[in-house]
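Contents: one structure, followed by commentary.
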Amino acid sequence: MTVSGRESRAGLLFLLPWVVGFLAFTAGPMLFSLWLSLTHYDMLKPPAFVGLENYREALADDRVGTALWNTVFFTALHVPSQIVLALGLAGLLRRAGRGSGFFRTVLYLPVMTPPVALAAMFLLLLNGQNGAVNAFLGWFGFQGPNWTTDPAWIKPGLVVMSLWTVGSTAVLYLAALTRVPLERYEAARLDGASPWRQFRHVTLPGISGTVYFTVVVNTIASLQVFTEAYAMFFGARAKASAEGDAALFYVIHLFQEAFGSLRMGYASALAWGLFAVIAVITVVQVRLSRRYVHYEGDRS
């Protein structure tokens, strides 16, 4: 066997554990879920094939529409807020000098907070009567809303809570900013570019690959939001109220159908519907990236 053949064989052997794990724990369950989506299955009796009935029911289910709207609305607020705040914090960290390592660690530590503990903490912070967030707004003469009981403010409140973990995105942007050559800023200043034009024409193109990555990852994560919202509004008691509907995200509705109503077939159809939505949005983002994302090796 040649050297290249031995190397290929060794590479395949190293890949084998991942391939086995992928087939057993990802591809296999996905295919089984696809089959279940075509059946009625309550875990008590064998699955009964019903074809596309679950998908037709999902299209006519008002709660699916409510959950999908809440999820898209949350995503539309969360992703831009996360990107803008992370960019601002990364810019500040870049100017921190020798203390940047300490501040980078402090900024990242909130990411380690368990989601359920985070939900419990923000139930207190966002309390409309005596929460710390509204107390802070009161110092500036603003009357804070009822973040956890007013349906109009529940999703913005959840967005505020989600920014607690902005540190992971900010650290990525900090790494990207340090890779932008300083010579480009010097050339821009010599040409009379203002700070805004330097940011638009030097910084953004230089970190566009990282921005694209974080937009895709945060979009996918936002469309699958579950733990914090469930712990805050559905944990100990399911709510069939206005605030419960305002916090009804798609994955929460899927979870309720699967483990509350034991409708595994219908829940599988909902899961594949979400998969299709995420796939379409991701394809659109990939196509847009060809126009707006620039990499170091690009000549155009």
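Quick look at the values:
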| item | result |
| --- | --- |
| Ranked by how many other beta carbons lie within 10 Å on average, peptides 253-266, 189-202 from highest | 253-266, 189-202 |
| Area projected by the alpha carbon convex hull of region 1-129, averaged over all directions, nm² | 17.6 nm² |
| Computed lengthening from residue 103 to residue 43, 0.36 nm per intervening residue step minus Cα-Cα distance | 16.6 nm |
| Region 166-186-region 122-139 distance, computed between alpha-carbon centres (Å) | 34 Å |
| Cα→Cβ-extended label distance, 7 Å offset, between residue 142 and residue 10, nm | 6.0 nm |
| Karplus (6.51, -1.76, 1.60) ³J(HN,Hα), θ = phi - 60°, over region 8-16, in Hz, Gly and Pro reported as x | 5, 5, 5, x, 5, 5, 5, 6, 4 |
| Sequence of 234, 103 when ordered by accessible area, the most exposed leading, probe 1.4 angstrom | 103, 234 |
| Distance (nanometres) between label positions extended 7 Å along Cα→Cβ at residue 286 and residue 76 | 2.5 nm |
| Fraction of accessible area attributable to carbon and sulfur, the chain (%, probe 1.4 Å) | 67 percent |
| The chain: relative contact order as a whole-number percent, Cα under 8 Å and 6+ apart | 28 percent |
| Two-decimal Rg/Rh across the chain, once Rg and the Kirkwood Rh are taken from alpha-carbon atoms | 1.04 |
| Lys/Arg +1, Asp/Glu -1 at C-beta; the chain dipole; positive extreme among 110, 127, 274 | 110 |
| Where a label projected 7 Å from the Cα of residue 275 along Cα→Cβ would reach, residues of region 1-30 with amide N under 15 Å | 22-30 |
| Under-5 Å amide H pairs with residue 294, H placed in peptide plane, nonlocal only | 208, 209 |
| Heavy-atom surface of the chain, accessible at 1.4 Å and reported per residue (Å²) | 60 Å² |
| Solvent-accessible surface (1.4 angstrom probe) belonging to residue 245, in square angstrom, nearest 10 | 60 Å² |
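The values are calculated or read from the model by the stated rules, or taken from the named source; none is laboratory data. Note that the structure is a prediction, hence the values are computed from the model and not measured. Please note: Cβ atoms are built from the backbone with ideal geometry, for glycine as well, and neighbour counts cover all protein chains shown. These accessible areas exclude ligands, DNA and RNA; they are computed on the full protein's heavy atoms, side chains included. Shrake-Rupley method; radii C 1.70, N 1.55, O 1.52, S 1.80 Å.
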